[in-house]
Each structure stands twice: as C-alpha cells, then as structure tokens.
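A short worksheet on the structure shown next.
The values are calculated or read from the model by the stated rules, or taken from the named source; none is laboratory data. In this text, all values refer to a predicted model and were calculated from it rather than measured experimentally. Reconstructed Cβ throughout: ideal geometry from the backbone, glycine too, with neighbour counts over all protein chains shown. Note: areas computed on protein heavy atoms with side chains; ligands, DNA, RNA excluded. Shrake-Rupley method; radii C 1.70, N 1.55, O 1.52, S 1.80 Å.
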Amino acid sequence: MDTNTDWAYRVFEPHGSEGWRPYGSDPERWHGAITAPDTDEGAKHAIGRIIGDLMTEWERNGLSHAMHVRVFLWHDETGEMKDPDFIVEVRPRTDFDVG
C-alpha cells in the first residue's frame, strides 16, 4: 500500500558569526511543504525538488554556480519546525580552473 507524507522544509543561508538565517530576500518563498511517498526515496525526491527549484532560480538570475544553503526537511506532523529528519548542504564549487 502506497502512502504519502507531507514533508515540511526550510532553506537557510550562512550569516557569518550569527549562524544561519532564512534564505533569500523573500524567505517565505523558501519554506513550505511537499507531499511525497512515505519512504527514504520520498524524502530524497522532496529534497531533489527543492534543490532543483533553487538551481533554476540561480540560473534564471544569472548565477553560474550554486549558492551556499542548507535545506532542512522533516515530517510535517504539526506544522512546527523541530529537529529535522534530513539536512542537505549545498555549497558552491571550489575546484574550478582559474587560468
């Protein structure tokens, strides 16, 4: 029997010595919920969709590289942020050839 889970997510960016803050000029854009299968693959699918959306926005804004962000994902049982079930960190590439 296939069941679905509502995964809540938030995206954060580094903010110096203050730690992490909500990502972007419109932080409401980068938190919400995604419904995906109730499996580890479902969580990977949800994170992949979020990162795909981020990469599309970066490309649309003319950024040729990824920004440094963290995506927090957790089962959305209460709608409140709690300890995440998954954290994925996206960092810009640093192994490019300067020449």
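Within region 59-76, how many residues are in contact (Cβ under 8 Å) with a residue 12 or more places away in the chain and either in a helix (DSSP H, G or I) or open to solvent by 80 Å² or more (accessible area, probe 1.4 Å) (or both)?
In the first step, residues of region 59-76 are kept if they are in contact (Cβ under 8 Å) with a residue 12 or more places away in the chain; the result is 65-76.
Now drop any that are not either in a helix (DSSP H, G or I) or open to solvent by 80 Å² or more (accessible area, probe 1.4 Å) (or both), which leaves 65.
Summing the residues that are in contact (Cβ under 8 Å) with a residue 12 or more places away in the chain and either in a helix (DSSP H, G or I) or open to solvent by 80 Å² or more (accessible area, probe 1.4 Å) (or both) in region 59-76 gives 1.
Identify, please: which residue in region 77-99 is within 19 Å of residue 13 (Cβ to Cβ) and open to solvent by 60 Å² or more (accessible area, probe 1.4 Å) and is, among those, modelled with the lowest pLDDT?
94
Could you grab me the full set of residues in region 23-50 that are of a type in the set (A, V, I, L, M, F, W, C), under 11 Å from residue 73 (Cβ atoms) and in a helix (DSSP H, G or I)? Steps first, please.
Pass one, region 23-50, residues of a type in the set (A, V, I, L, M, F, W, C): 30, 33-34, 36, 43, 46-47, 50.
Now narrow it down to the ones that are under 11 Å from residue 73 (Cβ atoms): 33-34, 36, 43, 46-47, 50.
Once the filter is applied, which keeps residues that are of a type in the set (A, V, I, L, M, F, W, C), under 11 Å from residue 73 (Cβ atoms) and in a helix (DSSP H, G or I), region 23-50 yields 43, 46, 47, 50.
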The residue that is nearest to residue 91 (Cα to Cα), considering only those in region 1-58 that are among the polar types (S, T, N, Q), in contact (Cβ under 8 Å) with a residue 12 or more places away in the chain and loosely packed, with under 13 Cβ neighbours inside 10 Å, is 35
Would a scan of region 48-59 turn up a residue that is modelled with pLDDT of 85 or more and touching an Asp or Glu at 6+ places or on another chain (Cβ under 9 Å)?
no
